[in-house]
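The values are calculated or read from the model by the stated rules, or taken from the named source; none is laboratory data. None of these values were measured; they are calculated from a predicted model. Because the Cβ atoms are built from the backbone with ideal geometry, glycine has one as well, and the counts that use them run over all protein chains shown.
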């Protein structure tokens, strides 16, 4: 079992989480502030993809509306269902309408995840081209 707060939460929350995991085979946990293990304190990540698809789970650390992050995870999971495999530092152009994305291999509560790198408004993705919070995604 993961050590994130959602996994250690109340019995009711755990029952809801288990029902979602049973129905969909994966869930997303959302921490929108004060997560000490991420560069910006924001952490949305998935659970269950290893078991369902033999694939690393995903993480987003760029602050954004949780609904937006979850929508990106839904697209990624749909791609996994189609047989696509995602890898770190490879470009993918069919997840966000007009921008490419990439992933960084990262660690979240002691497990390896693929951190989705959100592009800046110019579409930049890699550390040498990014500034400010966008660059922090690579930490």
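Pairs are defined by a Cβ separation below 6 Å, a sequence spacing of at least 6 or placement on different chains, a first member in the range 86-115 that is on the phi > 0 side of the Ramachandran plot, and a second member that is in a loop (DSSP other than H, G, I, E, B) and surrounded by 14 or more Cβ atoms within 10 Å (Cβ to Cβ); the pairs so defined are 109/2; 109/4. Across the range 95-129, the number of residues qualifying as under 15 Å from the mean Cα position of the chain (by Cα) and part of a strand (DSSP E or B) comes to 17. Just name the residue that is modelled with the lowest pLDDT out of those in the range 1-24 that are out of contact with any strand residue (DSSP E or B) (no Cβ under 7 Å at 6 or more places or on another chain) and outside any helix (DSSP H, G or I). That would be 1.
Residue-by-condition table, conditions (1) in a helix (DSSP H, G or I); (2) under 19 Å from residue 25 (Cβ atoms):
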| site | (1), (2) |
| --- | --- |
| 69 | yes, yes |
| 83 | no, yes |
| 93 | no, no |
| 134 | yes, no |
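Checked against the criteria, residue 27 counts as over 21 Å from residue 101 (Cα atoms), at pLDDT 90 or above, surrounded by 14 or more Cβ atoms within 10 Å (Cβ to Cβ) and under 16 Å from the mean Cα position of the chain (by Cα). Report whether or not residue 77 is modelled with pLDDT of 95 or more, within 18 Å of residue 137 (Cβ to Cβ) and surrounded by 15 or more Cβ atoms within 10 Å (Cβ to Cβ). Spelling it out, it is not the case that residue 77 is modelled with pLDDT of 95 or more, within 18 Å of residue 137 (Cβ to Cβ) and surrounded by 15 or more Cβ atoms within 10 Å (Cβ to Cβ). In the condition set (1) in contact (Cβ under 8 Å) with a residue 12 or more places away in the chain; (2) more than 25 Å from residue 122 (Cβ to Cβ); (3) out of contact with any helix residue (DSSP H, G or I) (no Cβ under 8 Å at 6 or more places or on another chain), residue 75 is compliant with all but (2). The sole residue among 41, 50 that is at pLDDT 85 or above, over 13 Å from the mean Cα position of the chain (by Cα) and either loosely packed, with under 14 Cβ neighbours inside 10 Å or assigned to a helix (DSSP H, G or I) (or both) is 50. Taking (1) within 27 Å of residue 36 (Cβ to Cβ); (2) without any contact (Cβ under 8 Å) to a residue 12 or more places away in the chain in turn, residue 82 satisfies each apart from (1).
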